[in-house]
Amino acid sequence: MVGINNMKLINGKEISAAVKERAAAEVAKLKEQGIEVCLAVILVGDDPASQVYVGNKKKACEACGMRSLEYRLPADTKQEDLLKLIANLNADKTVNGILCQLPLPKHIDEDTITSAILPEKDVDGFHPVNAGLLLSGKEGFLPCTPAGIMEMLKYENIDCKGKNCVVIGRSNIVGKPAALLMLAADATVTVCHSRTVNLKEAVKAADIIIAAVGRPNFVTADMVKDGAVVIDVGINRLENGKLCGDVDFEAVSTKASAITPVPGGVGPMTIAMLMQNTVIAAKKQNGI
Ligand code: NAD
């Protein structure tokens, strides 16, 4: 989509719909072969945002024709009981993908839970085996949000080769894997974080900016080179209840050659890539 001043507004709703359509077609094809694609989602506790995410994941499964299993467990669930449920789902041949919604209550160790899911059913891409495969440039499950970013760039024919990419944020679920994927796409990558000195200068040199900070209006127009591609991963809720990203969208969009809005940018891509990962899991598990 081309917006004002030839600036391209990267439409996550449109791109995620295309990914989900592709997944739905694969699900239908697998059904013809007697394979029913199935995703199991576990939610522990009653975090309101997590409840919305889990509900949306169920809706996406239905829209793609997948079977979805939902386990809503109380906040005081013991870690060993959660591990037992995961072990059962690991052993269940009819379950292709398993996802445990984060964050978990404090008495449960997230690393232990993430590592308990079989790597071949880890459609969130958080298992250390999948993280290691990504690090070594080998095929595994990619975390959905960074995979969604790469899908958007591909859809818009934005070539990363030789470009300067600055990723702001170094979390395990967004910043770090996004940096590795950009590296795999032949970009020259700089990772900025809370301890970076001269962050503004680094960002100003970027052809592609990926902002995953979690602070409204963190990336301002004076930090952005003319013609840069700006990917805004942030989801921040303002006092007035509105959602906004990490980028000062109005000002930055006058300089960017392409930019993702919030909402309607990277956000919808995450669930679409989860659907894609679940289809990949089902195919691999059935030797297809
Ligand atoms: P996080 O809190 O784990 O990581 C934030 C990162 O930002 C850290 O690595 C930190 O070093 C960096 N940072 C914090 N303050 C900084 C500063 N002043 N200067 C430079 N760097 C700074 O968060 P996360 O899980 O990576 O998520 C980041 C944002 O993306 C959040 O707004 C989150 O809601 C959003 N998010 C969106 C999706 C999606 O589907 N679109 C998925 C995951 C996260």
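The values are calculated or read from the model by the stated rules, or taken from the named source; none is laboratory data. Predicted, not measured: the structure shown is a model, and the values here were computed from it. Backbone-built Cβ (ideal geometry, glycine too); neighbour counts: all protein chains shown. Note: areas computed on protein heavy atoms with side chains; ligands, DNA, RNA excluded. Shrake-Rupley method; radii C 1.70, N 1.55, O 1.52, S 1.80 Å.
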When Gly265 is run through (1) open to solvent by 30 Å² or more (accessible area, probe 1.4 Å); (2) within 14 Å of the ligand (Cβ to nearest atom), the failure sits at (1)
Of the residues in the range 212-227 that are of a type in the set (A, V, I, L, M, F, W, C) and in contact with a helix residue (DSSP H, G or I) (Cβ under 9 Å, 6 or more places away or on another chain), the one that is surrounded by the fewest Cβ atoms within 10 Å (Cβ to Cβ) is Ala221
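With the structure loaded, tell me whether Val191 is modelled with pLDDT of 95 or more, within 16 Å of the ligand (Cβ to nearest atom) and touching a Lys or Arg at 6+ places or on another chain (Cβ under 9 Å) or whether it fails that test. Reasoning before the result, please.
On the way: modelled with pLDDT of 95 or more: yes; within 16 Å of the ligand (Cβ to nearest atom): yes; touching a Lys or Arg at 6+ places or on another chain (Cβ under 9 Å): yes.
Answer is yes for this residue.
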Condition set within 12 Å of Cys38 (Cα to Cα) and open to solvent by less than 50 Å² (accessible area, probe 1.4 Å), scope the range 73-111, selection nearest to the chain's Cα centre (by Cα): answer is Leu99
Review point. Can you spot a residue in the range 269-282 that is open to solvent by less than 10 Å² (accessible area, probe 1.4 Å), in contact with a strand residue (DSSP E or B) (Cβ under 6 Å, 6 or more places away or on another chain) and within 10 Å of the ligand (Cβ to nearest atom)?
Key: no
Exactly one of Ile280, Ile235 is under 20 Å from Ala147 (Cβ atoms), assigned by TED's automatic domain parsing to the domain that holds Asp222 and of a type outside the set (D, E, K, R), and that one is Ile235
Here the residues within the range 44-72 that are buried (at least 18 other Cβ atoms within 10 Å of the Cβ), under 14 Å from Leu274 (Cβ atoms) and hydrophobic (A, V, I, L, M, F, W, C) are Val54, Ala60, Cys61, Cys64, Met66
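One residue is enough: does the range 73-81 have a residue meeting the conditions part of a strand (DSSP E or B) and touching a strand residue (DSSP E or B) at 6+ places or on another chain (Cβ under 8 Å)? Steps first, please.
First pass over the range 73-81, keeping only residues part of a strand (DSSP E or B): 73.
From what is left, the residues that are touching a strand residue (DSSP E or B) at 6+ places or on another chain (Cβ under 8 Å) are 73.
Checked against the condition, which is being part of a strand (DSSP E or B) and touching a strand residue (DSSP E or B) at 6+ places or on another chain (Cβ under 8 Å), the range 73-81 yields at least one hit.
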Scanning the range 167-188 for residues that are among the hydrophobic types (A, V, I, L, M, F, W, C), within 15 Å of the ligand (Cβ to nearest atom) and under 20 Å from Pro128 (Cβ atoms) gives Ile173, Val174, Ala178, Ala179, Leu180, Leu181
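Could you list, in sequence order, the residues of the range 194-218 that are within 11 Å of the ligand (Cβ to nearest atom) and not β-branched (Val, Ile, Thr)?
Passing the criteria: Ser194, Arg195, Leu199, Lys200, Ala202, Ala211, Ala212, Gly214, Arg215, Pro216, Phe218.
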Of all helices (runs of 4 or more DSSP H) fully inside the range 130-222, the set with 3 or more residues that are under 22 Å from Lys8 (Cβ atoms) is 144-155, 175-184
Of the residues in the range 134-152 that are surrounded by fewer than 17 Cβ atoms within 10 Å (Cβ to Cβ) and not basic (Lys, Arg), the one that is nearest to the ligand (Cβ to nearest atom) is Leu135
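Hey, could you check the range 228-261 for residues that are open to solvent by 40 Å² or more (accessible area, probe 1.4 Å) and in contact (Cβ under 8 Å) with a residue 24 or more places away in the chain and say which is nearest to the ligand (Cβ to nearest atom)? Full working, then the answer.
Restricting attention to the range 228-261, the residues satisfying the condition of being open to solvent by 40 Å² or more (accessible area, probe 1.4 Å) are 235, 237-240, 242-243, 248-250, 254-255, 257.
If we keep only those that are in contact (Cβ under 8 Å) with a residue 24 or more places away in the chain too, we end up with 235, 248, 254-255, 257.
Working: Ile235: 4, Asp248: 15, Thr254: 23, Lys255: 20, Ser257: 21 Å.
Filtering the range 228-261 for residues that are open to solvent by 40 Å² or more (accessible area, probe 1.4 Å) and in contact (Cβ under 8 Å) with a residue 24 or more places away in the chain, the one nearest to the ligand (Cβ to nearest atom) comes out as Ile235.
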The one condition Tyr155 fails out of (1) touching a residue at least 60 places away in the same chain (Cβ under 8 Å); (2) open to solvent by less than 60 Å² (accessible area, probe 1.4 Å) is (2)
Asp111 fails exactly one of (1) among the charged types (D, E, K, R); (2) farther than 21 Å from Leu43 by Cα; (3) assigned by TED's automatic domain parsing to the domain that holds Met66, namely (2)
